[in-house]
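Have a look at the structure below, then the notes.
The values are calculated or read from the model by the stated rules, or taken from the named source; none is laboratory data. Remember, predicted model here, so these are calculated numbers, not experimental data. Using ideal geometry, Cβ is built from the backbone for each residue, glycine included, and neighbour counts are taken over all protein chains shown. With ligands, DNA and RNA removed, areas are computed over all heavy atoms of the protein, side chains included. Shrake-Rupley method; radii C 1.70, N 1.55, O 1.52, S 1.80 Å.
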Amino acid sequence: MFLKGKTALITGSTSGIGLGYARALAAEGAHVMINGFGDADIIKGYVAELEDLSGAKARHHGADMTKPDAIRAMVAECAEKIGSPDILINNAGIQHVAPVDEFPEDKWDAIISIILSSSFHTTKAALPAMKAKGWGRIINTGSMHSLVASPYKVAYNSAKHGLAGFTKTVALEVATQGITVNNICPGYVWTPLVENQIPDTMKARGLTREQVINDVLLANQPQKKFVQVDQLAALAVFLCRDEASGMTGTNLSVDGGWTAQ
Ligand code: NAD
């Protein structure tokens with residue numbers, strides 16, 4: 001339990017990859033604040049499960065990542081209730097699939113703010129305490145779409161590429177202060193986010209569900225299988241170790257070979 005006494009704040013962690021990070025960090029003893037939407041009783045259950053795993057404190061904060069004031073309030077409440085975040089994981093994300101000339105303006109704004117701008121607001125709020133402690137880990141969930149593009153995902157690709165630049169910039173600014181900043185870049189991971197984009201992709205490309213899974217999602221993933229949440233969570237845990245203190249400003253691909261092409 002090498003994270004005993006440390007606090008982790010993970011955005012978008014009531015589901016999928018974020019929940020996987022929360023479980024893995026709690027299993028190493030960290031206090032954990034999760035964030036995201038969902039059924040109140042189910043979220044209560046996750047909080048209890050995290051406290052069982054860690055023997056430490058867990059909390060949920062429902063801040064909407066499109067709202068800077070709510071984000072600042074979440075970071076402040078984390079500090080007050082379970083400690084200022086030593087580990088910040090910027091993970092919240094949504095997707096929308098449509099050709100650029102038909103892409104809805106409100107979806108563009110939502111995707112850019114939830115994925116990219118929220119990472120700026122959380123980081124700005126959390127960094128002073130990390131600097132004061134001389135230790136911190138900021139981990140962003142990018143994507144293979146931080147490095148390469150796919151059609152019909154203009155907002156997502158733009159936000160995730162932006163996150164790669166954000167990662168490098170912050171990493172350079174805090175390089176001498178015991179704080180590392182890295183961008184984990186998954187290929188397709190089987191989570192609700194992927195499942196939910198299947199109907200739109202079926203519509204945009206005129207394909208069946210099976211064709212979307214095999215001929216679109218996994219077509220460029222050379223291993224022909226989805227990345228697992230546990231694989232990403234294990235990498236996040238490693239990034240928190242002293243052995244990873246020399247890794248900063250990187251894009252770390254866990255994409256079944258996607259970006260090797
Ligand atoms: P998911 O849909 O399972 O989870 C998304 C989480 O974000 C949920 O907890 C949801 O409540 C939260 N969320 C959504 N909008 C929010 C908002 N406005 N404010 C606060 N929370 C909000 O998705 P996932 O697949 O686990 O994705 C997590 C991250 O991983 C995203 O950034 C996504 O882009 C990235 N990613 C996913 C895949 C994949 O194949 N699943 C691949 C690469 C990158």
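Among the protein heavy atoms of the range 37-106, carbon and sulfur supply 52% of the accessible surface, probe 1.4 Å, non-protein parts ignored. Against the chain, whose longest principal axis is taken from its Cα atoms, helix 16-27 shows a tilt of about 20°. Since only Val216, Thr201, Tyr188 are under comparison, the one whose Cα sits farthest along the positive direction of the charge dipole of the range 131-221, derived from C-beta charges on Lys, Arg, Asp and Glu, is Tyr188. Quick one: helix 118-133 against the long Cα principal axis of the chain, what's the angle to the nearest 10°, folded into 0 to 90? Value to nearest ten degrees: 20.
How large is the charge dipole for the range 1-100, taken about the Cα centre, if only the Cβ atoms of Lys, Arg (+1) and Asp, Glu (-1) carry charge, to the nearest 20 debye? Please list the in-between numbers first.
Details: 9 positive and 11 negative charges, 39 e Å.
So the dipole magnitude of the range 1-100 works out to roughly 180 debye.
Looking at the range 135-245, the accessible area is 44 square angstrom per residue; that uses a 1.4 Å probe and ignores ligands, DNA and RNA. The heavy atoms of Lys81 offer some 90 square angstrom of accessible surface to a 1.4 angstrom probe. Mind checking which aspartates and glutamates have their Cα closer than 14 Å to the Cα of Lys44? Skip sequence neighbours fewer than 8 apart in that chain. The qualifying aspartates and glutamates are Asp52.
When only alpha carbons are used to place a centre, the range 95-163 and the range 30-58 end up 24 Å from one another. Between the alpha-carbon centres of the range 197-226 and the range 241-261 there is a gap of 25 Å. Normalised by residue number, the volume inside the convex hull of the Cα atoms of the range 54-175 is 113 Å³ per residue. Charge tally around Lys224: other residues with Cβ under 15 Å, Lys/Arg +1 each, Asp/Glu -1 each, net -2. On the principal axes of its alpha carbon atoms, the chain extends 52, 41, 34 Å, with the longest extent given first. Selection among Gly134, Val229, Ala8 by position relative to the dipole of the chain gives Gly134 as farthest towards the positive end (Cβ unit charges, Cα centre).
So if I place +1 on the C-beta of Lys and Arg and -1 on the C-beta of Asp and Glu, and nothing else carries charge, what would the dipole magnitude of the range 95-155 be about its Cα centre? I want it in debye, nearest 20.
The dipole of the range 95-155 has a size of about 640 debye.
Which whole-number percent gives the relative contact order of the chain, counting Cα pairs below 8 Å spaced six or more residues apart?
19 percent
Distance check, please: which entries in Lys6/Lys160; Lys107/Lys168; Lys67/Lys160; Lys133/Lys168 exceed 23 angstrom between their Cα atoms?
The answer is Lys6/Lys160; Lys107/Lys168.
Amide hydrogen proximity for Leu252: with H placed 1.01 Å from N in the peptide plane, the residues at 5 or more positions away or on another chain lying under 5 Å are Asn183, Ile184, Cys185. Calculated on the Cα set of the range 130-261, radius of gyration then Dmax: 16.5, 54 Å. Placing +1 on the Cβ of every Lys and Arg and -1 on the Cβ of every Asp and Glu, with no other charges, gives the chain a dipole of roughly 520 debye about its Cα centre.
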